[in-house]
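Provided herewith is a single structure, encoded as structure tokens, for subsequent inquiry.
The values are calculated or read from the model by the stated rules, or taken from the named source; none is laboratory data. From a predicted model like this one, the values you see are computed outputs, not experimental measurements. Here the Cβ positions follow ideal geometry from the backbone for every residue, glycine too, while neighbour counts run over all protein chains shown.
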Amino acid sequence: MRAKKRIWASALALLLAVSLSACGGGNTPATGNNAGTTGEANSGTSGNAGEKVKLRVYAQHFDDDTSKPFDYAVQELAKEMPNVEIELDPAVQDGNQKLKTYAATGNLPDIFFTDWKTLQTFAKSKNVLLLDDYEAAKEYKANLNPGVESKIIAPDGHIYAFPDTGIEFQLLYYNKQIFQDAGISVPIKTIDELADAAKKLKAAGYVPLSIFAKEKWISTALYNALITREDGIGTAVFEKDAPAETPQAAITAAKHMKQLQEAGLFDVNATNTNYDQASSLFYTGKAAMFINGQWEIYSSQEKMGDNVDFMYWPAKDEATYEKMKLQLAGSGSPQGYAVSPQSKNIDLAVKVAAILAKKSAEYKYTQLGNPIVSPKIDKPVEATDVPAMMQRLASEVLPNAQGYAQAVNSTEISNTIDDNAQNLLVNGYTVDDFINNMNRALKK
């Protein structure tokens with residue numbers, strides 16, 4: 001998911017050319033059969049050192065949070081590879097449908113940024129290059145920060161992409177002034193307290209919590225967060241020990257999510273609301289709470305200053321809350337810059353993908369003070385205005401984190417969770433509906 005990211009706004013599907021630098025690339029087209037090849041000798045040839053090579057890159061480039069790390073990476077790449085020209089194909093927040101269409105029509109970019117679910121699909125259809133035996137992948141893996149191996153090594157043991165971020169997770173943001181005016185104490189520790197707060201906020205004329213649930217991943221992220229209060233591995237409970245029926249932790253979380261929906265926590269149009277609309281409600285003081293990843297910290301603090309903070313996810317009771325609050329609602333599934341096996345310059349594309357990932361992480365660490373990156377960065381933090389919430393993450397949350405959720409590896413189960421977690425936000429859809437649909441998926 002990023003996407004994975006990361007600020008989910010709409011982008012025009014235009015090709016934006018940015019001139020860059022690099023040493024030569026291959027001239028021999030790779031066929032679909034190369035998708036399972038891991039040796040560099042079999043994955044393209046290298047061109048002459050002075051030859052100009054253009055590589056098309058599909059990447060997030062929506063706003064400062066996404067464009068600045070990419071642009072920085074492009075500038076840094078120019079210093080190392082003066083003969084490469086990067087043609088940016090801006091990603092669209094459509095559940096990777098545009099990227100999947102590219103794959104289906106044989107029009108994949110040389111390099112593309114995507115999530116684990118898409119990488120799984122592309123691995124089966126031989127639309128992503130295996131990176132295992134490439135020197136760039138070996139070096140990248142050797143230079144990872146501790147504990148983030150799952151960001152580069154897939155559950156099947158292969159490497160499909162170069163990650164820039166570390167293990168990211170979702171947070172529950174709130175407007176401090178609205179909470180104070182409404183007489184709501186923080187932190188909210190239990191589901192019942194959150195349901196009561198929703199009723200109070202709605203009566204006061206606010207949208208209690210804005211969520212861009214037009215994108216299924218965010219409703220799944222909320223559901224995952226609620227499961228982690230019961231079982232720290234989150235939605236991975238649907239695969240743990242190969243259950244034939246929906247596990248109890250997942251049922252409890254579904255009941256909690258439905259309880260919150262019935263209490264009016266979500267806007268009635270939540271499943272038709274995109275990121276721009278949901279974030280605008282929060283930034284302008286019309287919504288009291290907002291759900292997004294920790295990357296949202298920069299935008300929220302820029303728009304709201306000291307009037308925004310985050311709280312830990314509530315649980316069924318205070319004892320469970322205290323026990324599980326530092327179990328983070330995010331999983332270290334593979335994601336990042338991958339390479340198309342159809343690229344005419346595979347060897348070069350692999351090297352460029354690694355540099356783009358490393359330099360993007362470098363920007364986030366040095367310029368934003370963001371410690372959640374995959375590769376080790378040997379440069380000092382230059383940022384002098386690190387947001388208070390990011391400082392809180394660095395000092396309070398990350399050093400004391402108990403663990404992270406785990407990724408779901410079955411695309412069928414993952415897709416079923418996405419569909420049904422989103423439906424829990426809709427009137428008339430019941431917990432029994434959720435359980436029955438999940439049971440059918442588990443029995444296949």
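Could you list, in sequence order, the residues of region 78-102 that are buried (at least 16 other Cβ atoms within 10 Å of the Cβ) and in a loop (DSSP other than H, G, I, E, B)?
Passing the criteria: 81, 83, 91, 92, 93, 95, 96.
Select, from 122, 112, 70, the only residue that is of a type in the set (Phe, Trp, Tyr), over 27 Å from residue 412 (Cβ atoms) and under 21 Å from the mean Cα position of the chain (by Cα).
Just one listed residue meets the conditions, 70.
Which residues, taken from region 402-421, are under 18 Å from residue 326 (Cα atoms) and either more than 19 Å from the chain's Cα centre (by Cα) or assigned by TED's automatic domain parsing to the domain that holds residue 307 (or both)?
402, the sole residue that qualifies.
Can we say residue 363 is among the aromatic types (Phe, Trp, Tyr), in a helix (DSSP H, G or I) and within 30 Å of residue 67 (Cβ to Cβ)?
Considered against the rule, which asks whether it is among the aromatic types (Phe, Trp, Tyr), in a helix (DSSP H, G or I) and within 30 Å of residue 67 (Cβ to Cβ), residue 363 comes out as yes.
Assess whether residue 105 counts as being at negative phi, surrounded by fewer than 18 Cβ atoms within 10 Å (Cβ to Cβ) and among the β-branched types (Val, Ile, Thr).
Criteria met by residue 105.
Additional query: Looking at this structure, is residue 121 among the hydroxyl-bearing types (Ser, Thr, Tyr), crowded, with 24+ Cβ neighbours inside 10 Å and out of contact with any helix residue (DSSP H, G or I) (no Cβ under 6 Å at 6 or more places or on another chain)?
Answer is no for this residue.
Which residues, taken from region 325-357, are more than 30 Å from residue 228 (Cβ to Cβ) and in a helix (DSSP H, G or I)?
Within region 325-357, 346, 347, 348, 349, 350, 351, 352, 353, 354, 355, 356 qualify.
Then there's this: When you look at residue 383, is it surrounded by fewer than 17 Cβ atoms within 10 Å (Cβ to Cβ) and farther than 29 Å from residue 232 by Cβ, yes or no?
Answer is yes for this residue.
Going by the structure shown, is residue 261 within 19 Å of residue 429 (Cα to Cα), part of a helix (DSSP H, G or I) and modelled with pLDDT of 95 or more?
yes
Does residue 302 qualify as being within 21 Å of residue 387 (Cα to Cα), surrounded by 24 or more Cβ atoms within 10 Å (Cβ to Cβ), not basic (Lys, Arg) and not assigned by TED's automatic domain parsing to the domain that holds residue 162?
no
Also, I was wondering about something else. Which of the residues spanning region 150-195 are in a helix (DSSP H, G or I), among the β-branched types (Val, Ile, Thr) and over 26 Å from residue 398 (Cβ atoms)?
Listed by number, the list holds a single entry, 178.
Quick grid of which residues meet (1) farther than 27 Å from residue 66 by Cα; (2) buried (at least 22 other Cβ atoms within 10 Å of the Cβ); (3) more than 24 Å from the chain's Cα centre (by Cα); (4) hydrophobic (A, V, I, L, M, F, W, C):
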site: 223; (1), (2), (3), (4): no, yes, no, no
site: 227; (1), (2), (3), (4): yes, yes, no, yes
site: 244; (1), (2), (3), (4): yes, no, yes, yes
site: 259; (1), (2), (3), (4): yes, no, yes, no
site: 262; (1), (2), (3), (4): yes, no, yes, no
site: 293; (1), (2), (3), (4): no, yes, no, no
site: 296; (1), (2), (3), (4): no, yes, no, no
site: 308; (1), (2), (3), (4): no, yes, no, yes
site: 313; (1), (2), (3), (4): no, yes, no, yes
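Quick check on this structure: which one of 319, 329 is surrounded by 24 or more Cβ atoms within 10 Å (Cβ to Cβ) and under 30 Å from residue 189 (Cβ atoms)?
329
Do you know which residues across region 134-144 are under 23 Å from residue 409 (Cβ atoms) and either surrounded by fewer than 18 Cβ atoms within 10 Å (Cβ to Cβ) or among the β-branched types (Val, Ile, Thr) (or both)?
141
Only one of these conditions is not met by residue 340: (1) at pLDDT below 95; (2) of a type in the set (S, T, N, Q); (3) touching a Pro at 6+ places or on another chain (Cβ under 7 Å). Which number is it?
Single failed check for residue 340: (1).
Just the residues that are within 18 Å of residue 214 (Cα to Cα) and surrounded by 14 or more Cβ atoms within 10 Å (Cβ to Cβ), please, taken from region 427-441.
Scanning region 427-441 gives a single hit, 429.
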